[in-house]
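Structure record follows, encoded as structure tokens.
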Amino acid sequence: MDASNKQFLLRMTGARSLAAAFLPIMPILFVVAGCASGLQFRDEGGSNADPAPPTELITERLISNERQEHLDLSNQNLEKLLVPNPPPYKIGGGDVLAIVVWDHPELAGNMAIPSSTDPAGAASAAPQGFVVDHLGRIQFPLAGLLTVEGLTEEQARALLTTRLAKYLARPNVTLRVQAYRSKRVYIDGEVKSPGLQAINDIPMTLVEALNRAGGLLPTADQSRIALERGQERYRINLRELVQKGVNPGLVMLAPGDVVRVHSRDESKVFVSGEVITPKALTMHDGRLTLNEALGESGGISPLSGDARQVYVVRKTPERTRVFQLDARVAGSLAMAESFELQPKDIVYVAATPLANWNRQLSLLIPGALTSAVTATNRP
């Protein structure tokens, strides 16, 4: 027998010896690998354990149902917020009114003292305003107490003119709001200058309020603007409103409204498992598809990823839902592009049975495969 045949027999003998050593534990390893290849685990000992949520296959029908649910959620009744023709400003308690009765300076009340630093000097002096009290009234010479709360400037001027007409011939009255202090909204979140914004004669729309707050920051999520009005909560998606042809400038705010602009960091999707680069992804103004999430993570690992087992785990207020995509099926990439993810979704790519077997074997017998390869390749 020559030297080459001797080396071949030695290799075969070593491989058979190693295989014989692993034969008793092979069934256990295959059971472990089979359990690890999926997301559902069964607890044999605990009968009171909650059952694993059912897996829903991602199909065209499921995508259509998900899209319809998303539309129903986004089509929240915003009719109360949309005001095409906003009414004029109405006077409220705390507002300061500037009133001038022409040709009757004695009715102007005390004059404001011009500041020495005022470049306009005495020419810029204006009469001190009349403050609307907590009962919505002002007191004006000759006219007495006038209830002006809830009236527009024009209506309040007409009321005062009618009262003064009893004492003056054809009084010429000018009335305007000098300081707006009765109505406010609060802007919070990802804006440049959060805080209170006073409602004035310019209609306080959502766009106007955001502009007064300095505009949206680059980290703002335009798809998640929350509006709180009393006990009601509205979710406004600026991008979807524009797509539907609805002008965001028609969203009218009311006194006491609280507007919060959420951050994009609050709308993340987590990709883990057998992908090239597991990471947390930020949604693009509320939109991120399954295909985009896999692409931004480098795709499924060609060495250990099981394309048949791409899962999306979603926690809803009612239950936990698990979606599965078989990426080997024709048209699966198109379905992945149409499947919209939601904030806090978890995308998980399972490992192949062979990769799981390899890992479990390495845990049970560290270095076993390396030793086997070394033994078979040893001259």
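The values are calculated or read from the model by the stated rules, or taken from the named source; none is laboratory data. Keep in mind that this is a model prediction, so the values were computed, not measured. Backbone-built Cβ (ideal geometry, glycine too); neighbour counts: all protein chains shown. Only protein heavy atoms, including side chains, enter the accessible area calculation; ligands, DNA and RNA are left aside. Shrake-Rupley method; radii C 1.70, N 1.55, O 1.52, S 1.80 Å.
Give me the number: length gained by fully extending S64 to N358, i.e. 0.36 nm times residue separation minus the C-alpha to C-alpha distance, one decimal in nm. Don't jump to the answer; show the numbers that get you there.
Numbers: separation 294, 0.36 × 294 = 105.84 nm, distance 3.93 nm.
Using 0.36 nm per residue and subtracting the Cα-Cα distance, I get 101.9 nm.
Each Cα pair under 8 Å and six or more residues apart adds its separation to the average, and for segment 273-352 the resulting relative contact order is 42 percent.
Put L354, L168, L160, L135 in order of accessible area, highest first, and with a 1.4 Å probe you get L354, L135, L168, L160.
Using the Cβ atoms and a cut-off under 12 Å, what net charge is assigned to the surroundings of V313, where Lys and Arg are +1 and Asp and Glu are -1? Walk me through the numbers on the way to the answer.
On the way: positive: R314, K315, R319, R321, K344; negative: E56, D345.
Residues near V313 contribute +3 overall.
Computed with every protein chain present, the accessible area of R163 is close to 80 Å² [probe 1.4 Å].
A dipole drawn for segment 235-340 from +1 and -1 charges on Cβ atoms has a positive end, and of P302, F323, G273 the residue lying farthest that way is F323.
Using R0 = 56 Å, the C-beta based FRET efficiency linking T316 and Q139 works out to 0.40.
Residues E296, E69 ordered from highest to lowest accessible area at a 1.4 Å probe: E69, E296.
The solvent-accessible area of M252, taken with every protein chain present and a 1.4 Å probe, is close to 30 Å². Within the full protein context, the accessible area of D133 is estimated at about 50 Å² for a probe radius of 1.4 Å. Straight Cα distances below 12 angstrom link K279 to the aspartates and glutamates E296, with same-chain residues fewer than 8 positions distant left out.
Keeping all protein chains in place and using 1.4 angstrom, which order do T162, T174 fall into by accessible surface area, from largest down?
Numbers: T162 90, T174 55 Å².
Most to least solvent-accessible, the answer reads T162, T174.
Cross-link check: pairs K268/K315; K90/K244; K80/K344 evaluated at a Cα-Cα cut-off of 24 Å; pairs beyond the cut-off: K90/K244; K80/K344.
In a shell of Cβ-Cβ distance under 15 Å around N358, excluding N358 itself, what net charge do Lys and Arg (+1) and Asp and Glu (-1) give?
Details: positive: R359; negative: E274, D306.
Once all neighbours under 15 Å are counted, the net charge is -1.
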